[in-house]
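Reading through the structure tokens given below for one structure.
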Amino acid sequence: MTEEPCRLYLITPPKLDPKAFGETLKAALDAGDVASLQLRLKDVPDEEIARAVEVLMPIAQSRDVAFLLNDRPDLAKRYGCDGVHIGQEDMPYAEARAVLGPDRIIGITCHDSRHLALEAGEAGADYVAFGAFFPSTTKEPKTLCDIETLQWWAELMVIPCVAIGGISVQNAPALVAAGADFLAVAAGIWDFPDGPAAAVKAFNNLF
């Protein structure tokens with residue numbers, strides 16, 4: 001298992017107004033350590049993604065938070081994002097790497113599959129994402145993953161793993177104890193009763 005502490009990996013809400021959300025994001029990122037922010041806007045025009053990147057990426061990057069785009073290596077390259085997160089139904093890793101070049105981050109969703117995670121690691125992925133670990137209000141999970149898979153990966157592999165799916169301050173300790181390198185959190189941050197900044201502080205206190 002890694003000696004590095006677990007860190008936060010924020011995922012944007014499924015719908016957002018970039019300027020208004022930008023203020024929320026600033027408060028959240030200023031409240032404690034955050035490793036990365038994934039912009040996840042599904043089924044919207046490219047122009048809407050571009051507007052969100054234009055507003056949100058400088059906020060993240062000025063705070064040393066990696067800015068990742070969901071699903072779209074082409075747009076990640078065009079807009080100068082730090083990397084991309086791709087699912088199993090998206091562009092294959094080799095194609096994404098050819099688009100983005102050698103230096104950008106590419107993470108891959110592996111659901112609950114050890115086989116897919118091993119394939120992703122061998123291909124060169126910068127991280128693998130397992131989930132969902134808990135029911136999610138953000139999206140309907142394709143699979144539910146058990147904590148043993150996370151422990152197995154953390155004990156055997158050096159490539160970082162991200163735990164995703166329904167993670168909250170209340171249920172996160174088991175994932176941290178299992179060896180997750182990052183916790184990917186959406187609603188558990190943005191819908192936190194005391195606000196996103198308080199959620200970031202609470203997660204960092206766990207780590």
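The values are calculated or read from the model by the stated rules, or taken from the named source; none is laboratory data. Please read these numbers as outputs of a predicted model, since none were measured by experiment. Positions of Cβ are backbone-derived with ideal geometry, glycine not excepted, and every protein chain shown enters the neighbour counts.
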> Assuming LYS139 fulfils every condition listed in (1) out of contact with any strand residue (DSSP E or B) (no Cβ under 7 Å at 6 or more places or on another chain); (2) under 21 Å from ALA178 (Cβ atoms); (3) touching a residue at least 40 places away in the same chain (Cβ under 8 Å) apart from one, which condition is it?
Replying inline: (2)
> Within the group GLU155, GLU119, GLU140, which residue is surrounded by fewer than 17 Cβ atoms within 10 Å (Cβ to Cβ) and in a loop (DSSP other than H, G, I, E, B)?
Replying inline: GLU140
>> With more than 18 Å from ALA184 (Cα to Cα), of a type outside the set (Phe, Trp, Tyr) and at pLDDT 95 or above as the only criterion, which of GLU3, GLU89, GLU47 stands out?
In response: GLU47
>> I'm checking my understanding of the structure. Among residues of the range 180-200 that are in contact with a Ser or Thr (Cβ under 9 Å, 6 or more places away or on another chain) and in a loop (DSSP other than H, G, I, E, B), which one is surrounded by the fewest Cβ atoms within 10 Å (Cβ to Cβ)?
In response: ASP191
> If you scan the range 76-93, which residues turn out to be closer than 27 Å to ARG114 by Cβ, touching a helix residue (DSSP H, G or I) at 6+ places or on another chain (Cβ under 8 Å) and either in a helix (DSSP H, G or I) or touching a residue at least 24 places away in the same chain (Cβ under 8 Å) (or both)?
Replying inline: GLY83, GLN88, TYR93
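Which of the residues spanning the range 16-45 are surrounded by 13 or more Cβ atoms within 10 Å (Cβ to Cβ) and among the acidic types (Asp, Glu)?
ASP33
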> Of everything in the range 61-75 that's among the acidic types (Asp, Glu) and in a loop (DSSP other than H, G, I, E, B), which residue is surrounded by the most Cβ atoms within 10 Å (Cβ to Cβ)?
Replying inline: ASP71
